[in-house]
Amino acid sequence: MNIGILQSAGIAGDIITTALNHPEHSDIFNTVIYSKENQNDKNVSNDLKFGNIDAIVVAPGSNTEFTFNGSMTVFVSKTLKVATILPDVDNNDVEDTLTTNGLISKIRLAWNIVKRDFLVSMPRIAVITAEKQDKNDPNNIFCTSINALQDESIMVFGPYTTDEYIAENYYQHFDITLALTDDDTQKVLDNTTEERVKLLAALPMVMTLTDYPKDCDFSDDSLEQPALALRQAIYLAMTVKRNRTAYDEAHSNPLPKLYVEKRDDSEKVRFAIPKKKSEAE
């Protein structure tokens, strides 16, 4: 598999070199490094379009950030996937920003991401908030949205409080967790010691990033950890690419129905006694 690595000038190049010097590298994937130094940083879109690379990974230490409308950033570790419902929204602005349609849309997006990118046929989704919600309030946005989606057989549960979710280790029972704000997401991430990377999901291409901030100050003596994170981001990109291919192939040409069953379940039809041929005449 061919992986494109986005690199800006500076320490990112040393991290990439350390990561790719791993003995398993040559047998698993090939890399194309995009940077101004290589004078190919403008070729990413065309290489993706023509299949020269299968996925994009942003190297740690790269001064590069991406935002796409309709995308969702999912933090992925060995046992946890968590994303934010209202990224970059201050807690004080939640009431003015959150709507029922918006919440339902985010949950559906997460549902489809887990099905396609991680091949989970019936994902279980948890919704968490900082404050306890009144589940008996008919006007509560969370309860209204969750009940509506459960009626569509989308397995979403909650809302749980963030503290309850962490204390009870609820993440073990769900395929993805949706936190209301970035603060809630960070609180969950702070309570796990697992290495994690980020998937920029719901895009036409596969893109992963390490969880290092763009202004992280790396030293030459501490490159092993970010190099490991880069390799994990590469492995995640490869997994998601394979999963998407398998999912799309499985759903591209479904078998047509051989017949359409028409039934009338009314009592009149169920208890009707068919007439004999002679009586009908």
- Item | Unmet criterion (only one of (1) open to solvent by 20 Å² or more (accessible area, probe 1.4 Å); (2) in contact with a Leu (Cβ under 9 Å, 6 or more places away or on another chain); (3) over 29 Å from THR208 (Cβ atoms)) for GLY102 | (3)
- Message: Checking the structure you have, find out if any residue of segment 252-270 is modelled with pLDDT of 85 or more and surrounded by 11 or more Cβ atoms within 10 Å (Cβ to Cβ).
- Response: no
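Listed here are the residues, each with its yes/no results for (1) assigned to a helix (DSSP H, G or I); (2) basic (Lys, Arg); (3) more than 30 Å from LYS36 (Cα to Cα).
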site	(1), (2), (3)
THR84	no, no, yes
VAL94	yes, no, yes
ARG108	yes, yes, yes
LYS115	yes, yes, yes
ALA126	no, no, yes
ASP134	no, no, yes
SER145	yes, no, yes
PRO159	no, no, yes
TYR165	yes, no, yes
- Message: Restricting to segment 143-170, name every residue that is over 19 Å from SER105 (Cβ atoms), open to solvent by 30 Å² or more (accessible area, probe 1.4 Å) and not small (Gly, Ala, Ser).
- Response: TYR160, ASP163, GLU164, ILE166, GLU168, ASN169, TYR170
- List pairs: first in segment 88-107 and in contact (Cβ under 8 Å) with a residue 12 or more places away in the chain and closer than 18 Å to ASP184 by Cβ, second of a type in the set (Gly, Ala, Ser) and surrounded by 17 or more Cβ atoms within 10 Å (Cβ to Cβ), Cβ under 8 Å, 6+ apart or cross-chain? LEU103/SER145; ILE107/SER145
- Matching entry among GLU249, GLU279 (being open to solvent by 100 Å² or more (accessible area, probe 1.4 Å) and at pLDDT 90 or above): GLU249
- Message: Need the failing condition index for HIS173 against (1) surrounded by 13 or more Cβ atoms within 10 Å (Cβ to Cβ); (2) more than 20 Å from THR99 (Cβ to Cβ), just the number.
- Response: (1)
- Item | Scope segment 51-70; condition modelled with pLDDT of 90 or more and open to solvent by 20 Å² or more (accessible area, probe 1.4 Å); matching residues | GLY51, ASN52, ASP54
- Item | Top-ranked residue of segment 111-142 - restricted to ones that are at pLDDT 90 or above and among the polar types (S, T, N, Q), ranked as least open to solvent (accessible area, probe 1.4 Å) | THR129
- Item | Residue tally, condition part of a loop (DSSP other than H, G, I, E, B) and either β-branched (Val, Ile, Thr) or surrounded by 15 or more Cβ atoms within 10 Å (Cβ to Cβ) (or both), over segment 71-82 | 4
- In segment 190-204, which residue that is under 18 Å from the mean Cα position of the chain (by Cα) and either surrounded by fewer than 17 Cβ atoms within 10 Å (Cβ to Cβ) or of a type in the set (Val, Ile, Thr) (or both) is nearest to ALA59 (Cα to Cα)? VAL197
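The values are calculated or read from the model by the stated rules, or taken from the named source; none is laboratory data. Quick caveat, the model's predicted, so the values are computed rather than measured. Cβ coordinates were reconstructed from backbone atoms using ideal geometry, including for glycine residues, and neighbour counts include every protein chain displayed. Just the protein is used for accessible areas: all its heavy atoms, side chains included, with ligands, DNA and RNA removed. Shrake-Rupley method; radii C 1.70, N 1.55, O 1.52, S 1.80 Å.
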